[in-house]
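Worksheet: one structure, shown below.
Laboratory data are not the source of any read-out in this text; all were calculated from the coordinates shown. Model, not experiment: these values are computed from the prediction. Cβ sites come from the backbone with ideal geometry, for glycine too, and all protein chains shown count toward neighbours.
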Amino acid sequence: MYQLQVEEMSCGHCVASVTKAVKAVDAQASVEVDLASRQVKVQSGAALDAVKAAIAGAGFPVSAAQ
């Protein structure tokens with residue numbers, strides 16, 4: 001499981017965009033978003049770098065990941 005900090009999320013549309021970006025990399029991924037803390041938890045078989053790049057490509061830079 002990856003835990004990502006995505007600072008620029010501010011609304012439900014942002015959540016949908018981030019989720020869609022992750023699912024484009026791995027359609028089977030599980031994505032859990034906490035908008036208040038701006039944390040995204042991703043369970044995926046895809047590489048962390050691919051997940052981060054997809055989220056960044058959607059316009060939401062990842063500021064931290066583990």
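State all residues of segment 51-66 that are among the aliphatic types (A, V, I, L, M) and either outside any loop (DSSP other than H, G, I, E, B) or more than 9 Å from the chain's Cα centre (by Cα) (or both); if no residue qualifies, say none.
Listed by number, the residues that qualify are 51, 53, 54, 55, 56, 58, 64, 65.
Quick check on segment 11-25. Is at least one of its residues among the hydroxyl-bearing types (Ser, Thr, Tyr), free of Cβ contacts under 8 Å to residues at least 24 places away in the same chain and in contact with a Ser or Thr (Cβ under 8 Å, 6 or more places away or on another chain)? No, every residue in segment 11-25 fails to be among the hydroxyl-bearing types (Ser, Thr, Tyr), free of Cβ contacts under 8 Å to residues at least 24 places away in the same chain and in contact with a Ser or Thr (Cβ under 8 Å, 6 or more places away or on another chain). Residues of segment 54-61 include at least one that is surrounded by 13 or more Cβ atoms within 10 Å (Cβ to Cβ), free of Cβ contacts under 8 Å to residues at least 12 places away in the same chain and of a type in the set (A, V, I, L, M, F, W, C). Looking only at residues in segment 12-50 that are part of a loop (DSSP other than H, G, I, E, B) and in contact with a helix residue (DSSP H, G or I) (Cβ under 8 Å, 6 or more places away or on another chain), which one is surrounded by the fewest Cβ atoms within 10 Å (Cβ to Cβ)? Only one residue fits best here, namely 35.
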